[in-house]
């Protein structure tokens, strides 16, 4: 009994450490004053500043647009690639492609950023939204492939044969048989790509140039100048957004899980 | 059918050629080049100048410390988690902070570790005067470990969950005490998760240059920081590429050594 209590305490401690920084930011976002040392009095002033800061709001929207666009393209290329790779019969070629696929997964961010910077400069692609978008697509593709491939390996290809016997066209086989079978993998791939893009700092920092910034880069440059409670207000809003998305995702996935159960 | 397969494959292969192979070739070319053409001077500078070698050792030492601290905290967490009710919920709570932007979390620690911040006010309760915490090596290691924590907990948790509870039961039935059961049964069986966690933490730890700037106060110089500096500040791309190539090379060695130890383990399992 006593042992269980100790383990509870340990988990509680780990969770407290994990959440202290987040709640610290949220707490001081409501404080008057200019630093995170002493709570002044309750105020909304930093949120008002945030709403009036059209530069930061524009960056916020651009970051989300970038994430959606890059993960959409990465999901498309990655899914098609995964389907193609899963159908390769030659084991050596397949292994080679999978190894190449994982190169960007295991490389440190600085290496990816630096080599992409050289790459864009060598090709004469100007740094800005385009180069950042291309980079985000590039580093999101491997995770999509890794999420879709297991679904394809589990996929029952006799269904394809059956559909063909029943007179389905290539397109019908693809859209009505293959795609529904691997949709969960595609969705989680898209989801992972989204988080990769939203969370990236290092690669973007290298390839962004002067014209375009994402939220991470902007926070970095502001944080280097010191504490600014507007950032606290922003992180509160982002935390609430994340909570909504996670609860939504949790709800949808648990519901679809139930549906799967009923089908069985 | 053949043509359709090709359409599927082409964009993917184009991605591999352009964004996987080309960048590696380009960074290697840059490492062996200066204004006059081919040169080995960057590498000779790297391996004869003590600063670079010290920096390499330094970054591996810090990455090791970060990984060790994360593992030390994560293993018990993952174990306790695997024995709890409502595991999915607690797991979600652990994953959730990874979704908050890394920079925001680092920024929070500037406040927490600051002169009048949370830690110093806490120390003040015991009459310990405000200490300089921000911009120290310890602060850098702590924040890096904080950020990597969930990425270590998850694979270990998955590995422990895959261990058959009956095996642990059998160990204690056969008279093993808690420590023996852990050392002889649970640890070897969950080692794959530990390995995955170490791989997920060690390599990113080499490139946390934003933390060395924001939390380490530019005093912790790692390979990642050096690359960033050569590319973005001093604009000496060939030296930056040289450090990059060395880092890639060291990484490959680390990966080959961990995978060969994994295959050796498999052989031993077969013998048993």
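Criterion applied to A:96, A:69, A:134 was being at the interface with chain B (Cβ under 9 Å from one of its Cβ atoms) and either in a helix (DSSP H, G or I) or under 15 Å from the mean Cα position of the chain (by Cα) (or both), and the one residue passing it is A:134.
Is it fair to say residue A:236 is under 24 Å from residue B:211 (Cα atoms), surrounded by 20 or more Cβ atoms within 10 Å (Cβ to Cβ), modelled with pLDDT of 85 or more and assigned by TED's automatic domain parsing to the domain that holds residue A:82?
Details: under 24 Å from residue B:211 (Cα atoms): yes; surrounded by 20 or more Cβ atoms within 10 Å (Cβ to Cβ): yes; modelled with pLDDT of 85 or more: yes; assigned by TED's automatic domain parsing to the domain that holds residue A:82: no.
Considered against the rule, which asks whether it is under 24 Å from residue B:211 (Cα atoms), surrounded by 20 or more Cβ atoms within 10 Å (Cβ to Cβ), modelled with pLDDT of 85 or more and assigned by TED's automatic domain parsing to the domain that holds residue A:82, residue A:236 comes out as no.
Tell me, which residue of segment B:173-202 that is within 14 Å of chain A (Cβ to nearest Cβ), out of contact with any helix residue (DSSP H, G or I) (no Cβ under 6 Å at 6 or more places or on another chain) and over 16 Å from residue B:160 (Cβ atoms) is surrounded by the most Cβ atoms within 10 Å (Cβ to Cβ)? Restricting to residues being within 14 Å of chain A (Cβ to nearest Cβ), out of contact with any helix residue (DSSP H, G or I) (no Cβ under 6 Å at 6 or more places or on another chain) and over 16 Å from residue B:160 (Cβ atoms), the top hit is B:199.
May I ask you to verify whether residue A:113 is in contact (Cβ under 8 Å) with a residue 24 or more places away in the chain and at positive phi? Reasoning before the result, please.
Details: in contact (Cβ under 8 Å) with a residue 24 or more places away in the chain: yes; at positive phi: no.
So residue A:113 fails the test.
The selection criterion, being more than 8 Å from every other protein chain (Cβ to nearest Cβ) and modelled with pLDDT under 90, does not hold for residue A:170.
Residue B:6 fulfils the conditions (1) within 26 Å of the chain's Cα centre (by Cα); (2) modelled with pLDDT under 85 except for a single criterion, (1). Filtering B:68, B:78 for residues that are within 14 Å of another protein chain (Cβ to nearest Cβ), assigned to a helix (DSSP H, G or I) and modelled with pLDDT of 85 or more leaves a single hit, B:78. Considering segment B:105-143 alone, what residues qualify as being buried (at least 16 other Cβ atoms within 10 Å of the Cβ), more than 8 Å from every other protein chain (Cβ to nearest Cβ) and closer than 18 Å to residue A:38 by Cα? Hits for segment B:105-143 are B:113, B:119, B:120, B:133, B:134. Going through (1) loosely packed, with under 13 Cβ neighbours inside 10 Å; (2) within 9 Å of another protein chain (Cβ to nearest Cβ); (3) in a loop (DSSP other than H, G, I, E, B) one by one, residue A:8 falls short only on (3).
The single condition from (1) over 21 Å from residue B:145 (Cβ atoms); (2) within 11 Å of chain A (Cβ to nearest Cβ); (3) surrounded by 11 or more Cβ atoms within 10 Å (Cβ to Cβ) that residue B:94 fails is (1).
For segment A:99-131, taking the residues that are assigned to a helix (DSSP H, G or I) and out of contact with any helix residue (DSSP H, G or I) (no Cβ under 7 Å at 6 or more places or on another chain), the one that is farthest from the other protein chains (Cβ to nearest Cβ) is identified as A:129.
Scanning segment B:9-37 for residues that are loosely packed, with under 13 Cβ neighbours inside 10 Å, at pLDDT 85 or above and more than 28 Å from the chain's Cα centre (by Cα) yields a single hit, B:14.
Looking at this structure, is residue A:180 farther than 21 Å from residue B:97 by Cα and either touching a helix residue (DSSP H, G or I) at 6+ places or on another chain (Cβ under 7 Å) or buried (at least 19 other Cβ atoms within 10 Å of the Cβ) (or both)? Outline the logic, then answer.
Working: farther than 21 Å from residue B:97 by Cα: yes; either touching a helix residue (DSSP H, G or I) at 6+ places or on another chain (Cβ under 7 Å) or buried (at least 19 other Cβ atoms within 10 Å of the Cβ) (or both): no.
No: the conditions fail for residue A:180.
The values are calculated or read from the model by the stated rules, or taken from the named source; none is laboratory data. What you see is a predicted model; the values in this text were computed from it and never measured. All Cβ positions, glycine included, derive from the backbone under ideal geometry; neighbour counts span all protein chains shown.
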